[in-house]
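A short write-up of the structure that comes next.
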Amino acid sequence: MSKKLDLYLANLGVNYVKLHNLHWNVIGRGFKQVHEYLEALYDETTESFDEVAEYQKMVGEYPKASLEEYLKIATIKELESKDYSIEDALKIAVEDQKLMRDLATEIRNEADEKGEFILVALMEGEVEAQNKHIWFIESMLK
């Protein structure tokens with residue numbers, strides 16, 4: 001389980017930076033709305049990042065805490081610094097939310113099998129938030 005939590009934390013760290021890239025570099029009609037939405041998304045990612053790391057500390061693990069470590073294990077990949085259309089930025093963001101939701105679901109189910117109810121609750125909150133963001137983003141893309 002600790003390797004999956006390391007992966008989840010690494011993905012949150014990389015996604016945090018990636019969302020900033022999209023936030024700073026999104027262009028097009030509706031810029032302000034998407035710019036502000038991406039900011040809210042990375043702010044929420046910060047909270048998740050801290051909660052997952054604190055859970056790892058509560059169970060006696062050391063959370064990974066360097067970009068070098070994150071980049072070695074993350075399945076979310078960095079982006080080039082360049083302009084991104086609103087549609088491209090939203091498509092990138094929703095794909096990462098889906099990846100995070102699927103990983104959180106996997107961790108949640110494994111934690112449930114092991115009776116790790118605090119982790120179950122944490123990951124259920126993650127899945128709920130990601131599902132909401134997926135809905136928001138997919139609605140913006142219609």
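Using +1 on the beta carbon of Lys and Arg, -1 on that of Asp and Glu, and nothing else charged, what's the dipole of the range 1-118 about the Cα centre, debye to 20?
With Lys and Arg at +1 and Asp and Glu at -1, about 280 debye.
Given a 1.4 angstrom probe, what's the average accessible area per residue across the chain, in square angstrom? Show your work: numbers first, answer last.
Working: 8010 Å² over 142 residues.
Here the residues of the chain average 56 Å² of exposed surface.
Could you tell me how many degrees, from 0 to 90 and to the nearest 10, lie between the Cα long axis of helix 31-58 and the main elongation axis, the longest principal axis, of the Cα atoms of the chain?
Long axis of 31-58 versus the principal axis of the chain: about 10 degrees.
Highest first, please rank the peptides 92-100, 110-118 by the mean number of other Cβ atoms sitting within 10 Å of their residues.
Values: 92-100: 19.9, 110-118: 13.0.
My ranking of the peptides, most packed first, is 92-100, 110-118.
Probe radius 1.4 Å, ligands and nucleic acids ignored: give me the carbon and sulfur share of the accessible area of the chain as a rounded percent.
Exposed carbon and sulfur together represent 53 percent of the surface.
Can you give me the angle between helix 2-25 and the longest principal axis of the chain, using Cα atoms only, in degrees from 0 to 90, rounded to the nearest 10?
20 degrees
Calculate one ³J(HN,Hα) per residue across the range 100-107 by plugging θ = phi - 60° into the Karplus curve 6.51 cos²θ - 1.76 cosθ + 1.60, and present them in order as whole Hz with x for glycine and proline.
5, 4, 5, 5, 4, 5, 4, 5
Could you tell me how many degrees, from 0 to 90 and to the nearest 10, lie between the Cα long axis of helix 117-140 and the main elongation axis, the longest principal axis, of the Cα atoms of the chain?
For 117-140 against the chain, the angle is about 10 degrees.
Would you mind calculating the relative contact order of the chain from Cα pairs under 8 angstrom and at least 6 residues apart, reporting the percent as a whole number?
Computed over the chain, the figure is 31 percent.
Set the Förster radius R0 to 25 Å, insert the Cβ-Cβ distance between E138 and E44 as r into 1/(1 + (r/R0)^6), and round the FRET efficiency to 0.05.
Rounded to the nearest 0.05, the efficiency is 0.90.
The values are calculated or read from the model by the stated rules, or taken from the named source; none is laboratory data. The model shown is predicted, which means the values in this text are computed figures rather than measured ones. As a convention, Cβ positions derive from the backbone with ideal geometry for all residues, glycine included, and neighbour counts pool all protein chains shown. Accessible surface areas use protein heavy atoms only, side chains included; no ligands, DNA or RNA. Shrake-Rupley method; radii C 1.70, N 1.55, O 1.52, S 1.80 Å.
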